[in-house]
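The values are calculated or read from the model by the stated rules, or taken from the named source; none is laboratory data. All of these numbers come straight from a predicted model, not from anything done at the bench. Positions of Cβ are generated from backbone atoms using ideal geometry, with glycine treated the same way; all protein chains shown enter the neighbour counts. Side chains included, ligands, DNA and RNA excluded: accessible areas come from the protein's heavy atoms. Shrake-Rupley method; radii C 1.70, N 1.55, O 1.52, S 1.80 Å.
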Amino acid sequence: MTPATDWRAELVEIDRSECLRRLGAHAVGRLGIVVHEQPLVFPVNYALDDETVVFRTDPGTKLHGATRGRRVAFEIDGIDPLYHEGWSVLVVGTAEEVSDPHERHQLAHLPLALWGAGPKAHWVRIRPDAITGRRLVHRSD
């Protein structure tokens, strides 16, 4: 096998449909918000609802920071440490708390298992302005 230092990395764009497929196939990502000019990142388990990311949370920094009308970032990724390859999908948009009872009832049927303790009574939806992805692949020359 060729040493990793002899490989040439290539960054390849992932198209929107593949980004959505990857978002739908995973269950854990990271939510990026800014609170008091401080960037914060939280792991969240989520589900994809059409082209929006949905997660549940309790009251606190995550809910407050995500739903203040500012843009948020949501990211998932995968890596192959052996071959030094990987990919990431980034969703940038605005998060809003879902308060409509009918919509919350519909969201309750999504495959969104609660991992953390607490009731997680607040539903949050990220409406994307952009969904982008990149893959890092190596080729030997």
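Measure off 7 Å from each Cα along the Cα-to-Cβ vector at Val92 and Gln106, then give the distance between these two points in nanometres to one decimal.
My value for the distance between the label points is 2.8 nm.
What are the ³J(HN,Hα) values, in whole Hz, obtained from phi via the Karplus relation 6.51 cos²θ - 1.76 cosθ + 1.60 with θ = phi - 60°, for each residue of the range 109-119 in sequence order, with x given for Gly and Pro?
Each residue of the range 109-119 in turn: 8, 6, x, 10, 7, 7, 9, x, 6, x, x Hz.
Going through the range 1-85, which chymotrypsin sites (Phe, Trp or Tyr not before Pro) have at most 15 other Cβ atoms within 10 Å and a DSSP loop state? Could the numbers behind the result be given before it?
Working: sites: Trp7, Tyr46, Phe55, Phe74, Tyr83; in loops: Tyr46, Tyr83.
Taking the range 1-85 and a limit of 15 other Cβ atoms within 10 Å, the loop chymotrypsin sites (Phe, Trp or Tyr not before Pro) found are Tyr83.
Based on the Cβ-Cβ distance from Arg16 to His84, what FRET efficiency comes out when R0 is 25 Å, to the nearest 0.05?
0.45
Compute the accessible area per residue over the chain, keeping the other protein chains in place, probe 1.4 Å, unit Å².
Averaged over the residues of the chain, the accessible area is 59 Å².
Considering only protein heavy atoms and a 1.4 Å probe, what is the carbon-and-sulfur percentage of the accessible area of the chain?
Reported share for carbon and sulfur atoms: 53 percent.
On a 0 to 90° scale, report how tilted helix 16-25 is relative to the longest principal axis of the chain, with both axes built from alpha carbons and the result rounded to the nearest 10.
Long axis of 16-25 versus the principal axis of the chain: about 70 degrees.
Mind checking the full-extension length gain between Arg134 and Ala121? Use 0.36 nm per residue of separation minus the Cα-Cα distance, one decimal, nm.
1.3 nm
Within 10 Å of each candidate Cβ there may be at most 11 other Cβ atoms; applying that plus a DSSP loop requirement, which trypsin sites (Lys or Arg not before Pro) in the range 1-107 survive?
none
Quick check of the Kirkwood formula: for the range 39-111, what is the inverse mean of 1/r over all pairs of different Cα atoms, in Å? Could the numbers behind the result be given before it?
Working: mean 1/r = 0.0708 Å⁻¹.
After inverting the mean inverse Cα-Cα distance, the result is 14.1 Å.
Based on DSSP H runs of at least 4 residues, each adding -39500 (n - 2.57), what is the mean residue ellipticity at 222 nm of the chain after dividing by all its residues, to the nearest 500 deg cm²/dmol?
Mean residue ellipticity, 222 nm, calculated: -4500 deg cm²/dmol.
With an 8 Å cut-off on Cα pairs and a minimum separation of 6 or more residues, tell me the relative contact order of the chain in percent. If you can, show how the numbers build up before the last one.
Numbers: 279 pairs, mean separation 49.9, N = 141.
Once divided by the residue count of the chain, the mean separation gives 35 percent.
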